[in-house]
1. Using only Cα atoms, what is the ratio of the radius of gyration of segment 81-137 to 2.2 N^0.38 Å?
2. How high is the relative contact order of segment 324-461? Use alpha-carbon pairs under 8 Å, at least six apart in sequence, and give a whole percent.
3. Modelled label-to-label distance, Lys399 and Asn421, 7 Å Cα→beta-carbon offset: nm?
4. Measure out, as a whole number of angstrom, how far apart the alpha-carbon centroids of segment 187-248 and segment 583-600 sit.
5. Please turn the phi angles of segment 555-567 into ³J(HN,Hα) values with the Karplus equation 6.51 cos²θ - 1.76 cosθ + 1.60 (θ = phi - 60°), one per residue in order, whole Hz, x for glycine and proline.
6. Under a 5 Å amide H to amide H cut-off, with H placed in plane at 1.01 Å, what residues pair with Trp110 once short-range neighbours are removed?
7. Which of the residue pairs Lys120/Lys271; Lys354/Lys586; Lys120/Lys294; Lys17/Lys271 have a Cα-Cα distance greater than 28 Å in the structure shown?
8. Work the Kirkwood hydrodynamic radius out for segment 324-461: mean of 1/r over every pair of different alpha-carbon atoms, inverted, in Å.
Amino acid sequence: MTITRNPATQQNLDQAKLCLELFSCDTENEVTDVLKRYELFYTKEHWKEDWYTYGIIHSQMSDPLGALSELLVNSSDSLLISKCKERGIDPYGEEAPKSADVAVKKLLGWDNNALTKLPKKEYEKLLGMIIGGNDRDTITVFDSGEGQAPNDFKSTFLDIGPNKGSNKKDIGFTMGRFGGGSSATFEHSRGAKYKLIISRKNPNISDCDSDEIGWTIIRYNQPDPAEEGKYQYLHFSGEVGRFSARTIQIIPSDQRPFDRDINWDYGCIQKLYNYSPVNNSRDLYSEINLLLVKPNVPLIIHDDGNKGKNQRIERTVSGFLNVVGTKEGRLHPRLNNKPLSGQFTIDNEGLHQKISWEIYVFEEENHDLGKLLKGKHVLYTLGGQCQYFEPGNIFGRNKVRLDSIAKQCLMILDFSDCNNNTNASLFKADRETLRNNEFKQSITKAITQQLSENKELKSIALDKEEKKAGELSTPKAKEKLYEDLSKRNPMVSDLFSPGKSFNRKKIKQFRSRRADNTSEPQYNGRFPASSFDLKNPDQYSEAVARNWEIGSTAKIKFSTDAPDDFFSLNREGGHGWIDVYVDGVKAEDESTTAHGQMTVSITSVKKRIGDKVLCEIVMSDTQKKARFRHYCYMTISQKTNKPKPRIGVKAKLPKTKWIKKDEWPEYDMKDGDVAKYLPQIDTFIFNEDTATLQEQLQHRPQEKPDITMAFKEAIEISALIANKEIKETDSPEKFKEIMQFSAKSAVVLTHDLPQELTKAKKRAI
């Protein structure tokens, strides 16, 4: 084996000592102190810049866990590639495994579908992640994979040029073929965004030509806060650092509950300082299990807890399909603890592309499901990794009508059998969008068809709808519904308030007010906007720092001449952008603009009570060039229990009784009758088997629970209105006539009313 060294790095500096000191740091400030002590922090000749552009870095993933999973996937892929080369197999050659399942079986001797059964000693040194630091915001990922020699850093770890493309797209058993690489993590670190990289080439593979460990540290240097900074990496005479090979202790045995040394000899170590804090290891564990649907190698998360609080724990990530999907009691009992499965084929560029799918329907009472999925109900996967996810909207389409169980469902699409060109035409590096082309549209149509034709899903949904319809028909549910309606509509409040008459004048005023609101003209403003001014800026100064209740959305208001359609994609000139950063970390926001007022709503962040945070709000034009920038300080405060608004008068509900055909004689009713009022007992009698309703159900039997419930509610409200307008004792025939007309109107309403009515009841309850 020929060993190559670079004499340019032979200096008086002890690079091994410097590297290991940086590795032992737990915070950004500690890293800065070490660099200053070695007189490297300010010396420009030691920092290479303009190789990572701000645009490339910040156009990748906005989700910090998604970016972190990209790093983990790269380590997992590197491990299998290394094992392949150890056996003398070219990963790109004909002899190489064609899928992850085959690779894991052939190279590691494991069953990829039973990773949870592996003894920990078989994989604990292959791939791991450590969470540490005072605020649990220092992340270390290590692997015993292929590794890189110092001379190869520039073409691997330090190369994310857009023209290069993935170097793994032709390796069939890897997971990260279409990702953006581990550089996606930079955006989610704060401050200097330090990232330490240490690597040594696996000495057991034939093309290893170095016995040295290479290393560098990357930082974000922003001398002027008003301008974009530069990403830089540390170098010595143009080369990354290096020192002779040695064992590095990742975790010492005295750190319980680990109880064992975890040592590293080759592969890669990457350490992120001041990363988006991981406040809950259980949430992190669940999220990564979902993103790594079916990983190649189990991952041990070593959670060091908040420093000094002795909260160290370990969790093993084996992927959703190994851990969550088959756990007893989680899935709907009708599925016998197994998912539904199938496949469909789509023609793309003249070739048949097979896509497999599985649908997991969970028990409704599974309270952890919402925390796990967080709106992810359709996963697009490739090689066991989630490439993209969608919410459950497709379950509620008219052709599907499974909205009642949408939140209980998870559909996993597997594109592993599609060729590289097809997958490249669909997936993007950011994992947050897909290319909207004919192939994507064909996939959506195919999913819709698969869901609409699945009898098992239809049956589960129907059972739930019938059960829910029964629950929503109770007197208590009705009372809460009417109270909820009363809060929103003064007409309803008058209707159910005892001692008041139905006020036609108020109805006309209410309708007029609604008409005025809906006809308000659109504000055209200017685009790009020429003004964007923070309202009440004194509240957001560092000295005042307005309160932000923990767990709540923060709303910040601006005056602007941006048009009402500022965020629209269909407007000439494109659309504008609002980006929000909380303590340097990109945050989720919902922004709206109307008539010269813009409201930026920032989703709650994982902070502690008493923390002072700095929010940066940036308005950009169509080129994503920042035009305006505001800085707002806020203090995380205790959530206040605001009293719920009370309605002035409690709803006074009449007595009601629904009868079937066999009870008609008792109340002198027939098939055409809809309702009857009995003043002596103050009770409304309603005909459930009225011909009007039964005729409608014949045409839409699959919607029986919803239609029946909506029809009943419409008729009951109509009866109340009719009884307010005319006295039943004076004109019973008039009441009968009105109710027959109302029944026909109610049938028309049932086309749109069921879903809205159900939502209203759920809100009220």
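Quick note: the coordinates plus some simple rules give every number you see, no bench work behind them. Not measured: the values here are computed from a predicted model. When we count neighbours, we look across all protein chains shown, and the Cβ atoms used for this are built from the backbone with ideal geometry, even at glycine.
1. For segment 81-137, the normalised Cα radius of gyration comes out at 1.49.
2. RCO, segment 324-461: 22 percent.
3. 2.7
4. Going from one Cα centre to the other spans 36 Å.
5. Residue by residue, segment 555-567 yields 10, 10, 10, 9, 9, 7, 9, 5, x, 4, 9, 4, 9 Hz.
6. Lys105
7. As for pairs spanning more than 28 Å Cα to Cα, those are Lys354/Lys586.
8. 15.5
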